[in-house]
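Report on the following structure.
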Amino acid sequence: MVVAEIVPYRPYVLPKQIPALTGLRAVAALLVLGIHTDQTEPSQIKTFLPFLGQGHLGVDLFFILSGFIITHVYLANLREPSWRAVRIFLWHRLVRLYPVHVTVLFGLICMISIAKSAHLEFNGAGWEYVDLIWHLLLVQAWGVSNIPTWNVPSWSISVEWFMYLMFPPLAPLLARINNGNSALVLAAISLMAMTGAFVLFGWPLSSWVGVPALARVAGEFLCGATLCRGLSLDTRFGRGRWSGDAIGAGAFAAFLVCSSMALSEFLSVGLLAVAIAGVAESSGLLSRILSCALLVWLGEISYSVYMVHFPVLIVLRRLFEKIGYAGLPQIGRVDAFFVTALPIIAVSAVGFYVVERPVRTRPRDRMG
């Protein structure tokens with residue numbers, strides 16, 4: 001009888017802190033912010049920033065980063081998950097997502113209620129109060145409705161929460177991978193499997209509800225998780241002072257070219273995964289750029305940016321209508337694109353310092 005060998009868990013050799021990945025979160029947020037704040041019709045922004053045509057892939061960058069970072073931080077504790085370890089993990093992730101989510105949702109409820117009382121109408125998401133229960137349960141993108149409602153970008157944290165629930169049973173399998181190259185192959189396979197499913201069923205990669213949205217986050221989160229496990233083991237990927245820089249910068253440059261030329265979005269996602277791997281391994285110029293104070297700060301507040309930009313844009317667009325935005329010359333509308341980002345970042349900073357950071361450092365630490 002052949003007895004399967006139990007492969008010992010091998011701990012991470014990556015640095016405990018990787019500030020450059022925080023800076024990369026800022027890049028992801030700016031991609032999403034760029035495509036959503038483009039208010040020129042026809043778009044003038046994309047004439048000199050053509051990669052914003054696929055700016056929605058910033059969400060996919062977030063998903064891959066999430067799998068990478070969650071694995072980097074929590075795999076050691078969940079490689080043999082106990083109820084206490086799972087409870088601490090889920091509590092930490094809940095207090096990371098929920099306070100900002102509920103705060104923004106409450107603000108939207110107040111804003112829409114006042115607008116309805118004043119007989120004002122806002123275009124965009126449906127404003128059915130019955131849908132709020134799904135948002136409070138963080139299942140709004142699991143297929144309970146056909147379209148995103150209320151704070152539309154929160155669909156992504158709904159599917160993120162789904163992957164957090166899946167991570168405790170996934171972690172022991174990741175810990176048993178003892179070969180870096182095998183893990184990197186699994187990372188590639190996860191993206192190829194996701195691509196195959198989307199092509200087979202004819203789903204667009206921009207899907208944000210139901211099975212397609214869950215498949216999107218599952219493929220990309222798993223890619224990030226196995227990518228992290230691979231880089232933490234003995235692999236020659238990105239070793240050397242400048243190799244990580246070359247891989248990361250080269251892959252991101254290729255992403256900009258592909259997205260500017262509107263080539264395959266699946267190819268662009270693959271390039272983003274390679275860019276993450278290069279950044280994680282970088283110790284040269286690329287790491288220093290992404291670790292600069294401004295990008296790290298933007299990366300720290302990126303979750304708040306992502307969550308508050310939709311309601312802020314609703315208000316700003318209403319104001320633009322009042323000042324005759326449609327009648328402005330094209331250059332004026334292009335300027336409005338950049339001006340719009342400033343109040344969004346300002347409101348996000350307030351949300352970060354008033355809501356997000358205090359909760360991350362107080363209620364979180366009450367459990368583990």
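Before moving on, here are some points about what is shown:
- The string of couplings for the range 83-89 from the Karplus curve (6.51, -1.76, 1.60, θ = phi - 60°) is 4, 5, 5, 5, 5, 5, 4 Hz, one whole number per residue in order, with x for Gly and Pro.
- Stretch gain in nm, segment Leu319-Val139, where the contour uses 0.36 nm per residue and the Cα spacing is subtracted: 61.6 nm
- Highest average first, the peptides 88-95, 271-278, 315-322 ordered by how many other beta carbon atoms sit within 10 Å of their residues are 271-278, 88-95, 315-322.
- Förster-model FRET efficiency, 30 Å R0, Val185 and Thr361, C-beta, rounded to 0.05: 0.20
- Per DSSP, loop GluC sites (Glu not before Pro) in the range 98-203 with at most 15 further Cβ within 10 Å: Glu121, Glu128
- The modelled label-to-label distance for the pair Ile147/Cys110, using points 7 Å beyond Cα in the direction of Cβ, is 2.7 nm.
- Computed in the context of the full set of protein chains, the accessible area of the range 127-225 at 1.4 Å probe radius has 74% of its extent on carbon or sulfur.
- When nucleic acids and ligands are ignored and a 1.4 Å probe is applied, Arg357 ends up with an accessible area of around 110 Å².
- For the range 134-140, backbone phi angles converted through the Karplus equation (6.51, -1.76, 1.60; θ = phi - 60°) give residue-by-residue couplings of 5, 5, 5, 8, 6, 10, 4 Hz, Gly and Pro being listed as x.
- Between Cys292 and His119, the FRET efficiency from the beta-carbon distance, with R0 = 41 Å, is close to 0.30.
The values are calculated or read from the model by the stated rules, or taken from the named source; none is laboratory data. All values reported here derive from a predicted model rather than from experimental measurement. Cβ coordinates were reconstructed from backbone atoms using ideal geometry, including for glycine residues, and neighbour counts include every protein chain displayed. Heavy atoms of the whole protein, side chains included, go into the accessibility calculation; ligands, DNA and RNA do not. Shrake-Rupley method; radii C 1.70, N 1.55, O 1.52, S 1.80 Å.
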